[in-house]
Every structure is written in C-alpha cells, then in structure tokens.
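What follows is a short report on a single structure.
The values are calculated or read from the model by the stated rules, or taken from the named source; none is laboratory data. Not measured: the values here are computed from a predicted model. Don't worry about glycine lacking a Cβ; one is built from the backbone with ideal geometry, like all the others, and counts go over all protein chains shown.
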Amino acid sequence: MRYLPLNGADRAQMLATIGVKSVDDLFVDVPASARLTAPVNLPRYAGEMEVEAQIRAMAAKNLSPSRVPFFVGAGAYRHHVPSTVDHIIQRSEFLTSYTPYQPEIAQGTLQVLFEFQTQVARLTGMPVANASLYDGSTAAAEGVLMAQRITKRNKAVMSGGLHPHYTHTVETLAHAVGMETEALTPAVDAEAEVLKHIDKDTACVVVQTPNVFGTATDLTKIAAAAQAAGALLIVVVTEVMSLGLLKSPGEMGADIVAVEGQSIGVPLSFGGPYVGLFAAKEKYLRQMPGRLCGETVDADGERGFVLTLSTREQHIRRDKATSNICTNSGLCALAFSIHMSLLGQEGLKRVAKINYAKAHALKDQLAVIAGVDVLTPRFFNEFTVKLPKSAAEVVEALASKGILGGVPFTRLHKDEAFDNHLIIAVTETVSDTDMSAFVAALKEVL
C-alpha cells in the first residue's frame, strides 16, 4: 500500500507558495527532448537470472581500464590501489560509520580523520587541513567563497589552465552568492596571463598545477603578485600523486589549497565518489569549510581526539556557517589515508618518479610521429599533443582497436580551436607493452 502524505489541496498550496501553477513548471529548465513521455522501455518483469545475463551483456560493451591499455586522465587517474585498502575499509566499524553526532565517543573515527588531516597538511605544505570535502572541484569552489569572506572582495580570477569542470563548479557556487568570476581563455601554459588580471577588486586567483593540459608551473611569482594586491592565491591540484615529486603549494606561497585526492586509495568508479582535500594558512582557520579534528588530553592524561571545528550549517545557524557541505567523504578519506600510510613518504616519491619516467618515455615516442606535436613544455605524468586531425575521431578509432587513448580537450571545453588537442595520462599501471601498442595504433589511425 502506498503512503501519500499530501493531498491535492496540500500540493496546490505548496505550488502557490513557490509561485508556479503546476509540478510541470518545475521542470522548465529541462529540454523537452530530454524528458520522458512514456515509461522507460523495460520489460514489466523478468527473472533474476535473465536480468543478470542482460546486465552482464550490457557491461561487456564497456572497455574497462583494467583490460586494455589506458591513457585517460584529465582529472581522474588510474593508479594501483593495494588490496589491503579495500580489505580495511570494509571492516564494519569503518564501512558503517557516518558523521559522528556524538563525535568524542567515536574516537577511532576521529583519530583516522586527524591522521588524514596530518597527511594532507604534509602533502600540501600547509599548516592546517580539514577532514575532507566532496571532491576537488567543490573544494576549489569552497576556497573561492572562503576568499570572499576573508578579503571582503567580490571577484575571482581563474587561470586558463584550470580544469573546465572546476571552472564551471566555481561559477555555479559564486553565482549563487553574487560573486563575479573571470575565467581566462584556455592555454597550455596559462599562468603568466593571470598576472595581468589581478587588481584591487580581486578576492582570489585560482590556478592549477599541473594544469589541465599537464603543464607544471612554479606559482611563486603569482603568489607574490596576488598577495601584494591583497588577494589570495588558491592552488588547485587534480593529480595528487604529483605532490610526491613536485614543489608543494605551500612552498610556492599558496593561501588556500584544493586537491582531488582520488589518485591515492580511490578507484575510478565511473567518476565518483571521490575525496576533496582542503588546506589553508593557519590565520584563515576559522573561515575554512567543513570539519576539523584535533588532538587533546583527557581527564586521565590520555591522548584523545575531538571535533575541534564544525562550522557547517548542520551545527550552527545557517547564516554563520562557512559551508553548506553537510558531510566529509569519510570512507574515501579513510581509503586515501590507508593507501598513503602503506606508501609512506619514500614510497610516494618512488611511485611519483615511475609516473614521471613513464610519461616522458611515451612523450619521446610520440614526438617522432609525423604530424604529432607535443605542446606541454614541462609535466609530471600527463601531457597534451596536437594531432593532424580531430582528437575525438582519433580516440574513437583507438577505442575500436582496444586502446583508451586519452581525453580530447573538446570533451571538457567546446572550442574548435582545440579540436585536435589530446590529453594523455601515463601512470605506473601502464606497461611498456601498453605504450608500444598505443604508439603503433596511433600511427595507423593517423
């Protein structure tokens, strides 16, 4: 029996209150072509075995990253995750845990988050980090809103090297609070252009390194210029593995750091859930979004952990909250922390060096192919090439040969000027055989 708590009069009153005539008016932003006009074309019933067989057949049409040479990146990367990570996070005390509403009782959860924060702070070179956010893009957007609160200014300048999805996320949240955004034209080596757009109205400058095209940049000059103008530097990192080899954002003078942590401990998972890492200078601690766990000593002198800050709308008046993010990515943060603990500082460096070496080895092989122009001047494990034909067409042709050959930039940003740009990522999971197959297939396709 269905439970329908609202009658027709209730619904009519709700619609009148929000100022629409019908429920259909709530969907005016959805194009008519995207709306269903009839039930989904599925059989009304089927046996469990028949459903399983049909789903398996549908899944078999996918090219799995684990089965074919895989060079896709652009913000989500395939790295080896030790089986130990999955084994530990599936323990019941971790898998079933959620936001601890009586936090000090959940000492194990708090300790995990405290250790996670310590790892993030060391990775980013920043003094304080929170207990995670949803993902890298929302972390970047939260950083922009934080900069507005701190500087009392209303404009964010976003580098042309910032991942377009991050740009769109920032624009969405900034628009909601009436903040101005200035997104610069995409460019492979974009950071120098940022300096020209910093003025007295700038709350923050958002730059990414390595950027969406793979270019790694020392941001020290931009940090100095932004701070001289009274603005904050927000550094975005989409490939956290790069912090095992490159200079940390903190060393380059960042005020706020937003990182996608998926590369460590979290599989691709069709795009999520992922984990946002967020860190900042200590003087901005009380403006940070999300939650922060701290260490203390109890009445018996024993080490203990507490929820030090939780300036979220769940816990305080909404107009006083620094964020409306209602949770942290607890399980993904745990996976990150376990993987990071297994690697250790030296292990992370070794994996990072393998990534760097493999990517540069592939770059050298591609650079000698007629018509292939390597655009990225300096990079970690990802670079962009310009092809003599449409990158999207090349990727489809490679897929037909069983190779997932990268991301056409036009999938991220619709602009004919970038039609031939292909972003290629190489991690430790790519073998020499994979690279040889990619090079051979690319020669055939071109």
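Residue pairs whose Cβ atoms lie under 6 Å apart, separated by 6 or more positions or on different chains, with the first residue in the range 118-129 and of a type in the set (A, V, I, L, M, F, W, C) and the second in a helix (DSSP H, G or I) and at pLDDT below 95, are VAL128/LEU285. When the range 401-430 is filtered for residues that are in a loop (DSSP other than H, G, I, E, B), in contact (Cβ under 8 Å) with a residue 60 or more places away in the chain and not acidic (Asp, Glu), the ones remaining, listed by number, are GLY402, ILE403, GLY405, GLY406, LEU412, HIS413, VAL426, THR427, THR429, VAL430.
If we scan the range 361-382, do we find a residue that is within 26 Å of PRO82 (Cα to Cα) and part of a helix (DSSP H, G or I)? Yes - at least one qualifying residue is present in the range 361-382. Exactly one residue among ARG11, ARG67, ARG44 is closer than 30 Å to GLY402 by Cβ and either in a loop (DSSP other than H, G, I, E, B) or in contact (Cβ under 8 Å) with a residue 12 or more places away in the chain (or both), and that residue is ARG67. In summary, PHE270 fulfils each of the numbered conditions (1) within 22 Å of the chain's Cα centre (by Cα); (2) at negative phi; (3) surrounded by fewer than 18 Cβ atoms within 10 Å (Cβ to Cβ); (4) modelled with pLDDT under 90 with the single exception of condition (2). Mind checking which residues of the range 337-361 are under 21 Å from GLY108 (Cα atoms) and touching a Ser or Thr at 6+ places or on another chain (Cβ under 8 Å)? Scanning the range 337-361 gives ILE338, LEU342. All of (1) over 23 Å from THR169 (Cβ atoms); (2) modelled with pLDDT of 90 or more hold for ASP298 with one exception: (2). Among the residues of the range 273-287, those that are farther than 20 Å from ILE89 by Cβ, surrounded by fewer than 24 Cβ atoms within 10 Å (Cβ to Cβ) and in contact (Cβ under 8 Å) with a residue 24 or more places away in the chain comprise LYS281, GLU282, TYR284, LEU285, ARG286, GLN287. Within the range 214-252, the set of residues being over 23 Å from VAL72 (Cβ atoms) and surrounded by fewer than 20 Cβ atoms within 10 Å (Cβ to Cβ) comprises ASP218, THR220, LYS221, ALA224, ALA225, GLN227, ALA228, ALA229, GLY230, LYS247, SER248, GLU251. Please work out if VAL394 is out of contact with any strand residue (DSSP E or B) (no Cβ under 6 Å at 6 or more places or on another chain) and over 20 Å from ASN211 (Cα atoms). So VAL394 fits the description; yes. The requirement of being closer than 30 Å to ALA359 by Cα and either of a type outside the set (Gly, Ala, Ser) or assigned to a loop (DSSP other than H, G, I, E, B) (or both) is satisfied by VAL81. Filter the range 72-95 down to the residues that are of a type in the set (Gly, Ala, Ser) and without any contact (Cβ under 8 Å) to a residue 12 or more places away in the chain, then identify the one that is nearest to SER431 (Cα to Cα). Top of the filtered list is SER83.
Applying a threshold of 6 Å to beta carbon distances and a minimum spacing of six or more residues, or different chains, the list of pairs starting in the range 327-355 at a residue that is assigned to a helix (DSSP H, G or I) and ending at one that is among the basic types (Lys, Arg) and surrounded by 18 or more Cβ atoms within 10 Å (Cβ to Cβ) is empty. For ALA192, state whether it is at pLDDT below 95 and of a type outside the set (S, T, N, Q). For ALA192, the condition - at pLDDT below 95 and of a type outside the set (S, T, N, Q) - is met.
Within the range 380-396, the set of residues being crowded, with 22+ Cβ neighbours inside 10 Å and within 11 Å of VAL188 (Cβ to Cβ) comprises PHE383, THR384, VAL385.
Filtering the range 92-104 to residues that are out of contact with any strand residue (DSSP E or B) (no Cβ under 8 Å at 6 or more places or on another chain) and either at pLDDT below 65 or surrounded by 10 or more Cβ atoms within 10 Å (Cβ to Cβ) (or both) leaves PHE94, LEU95, SER97, TYR98, THR99, TYR101.
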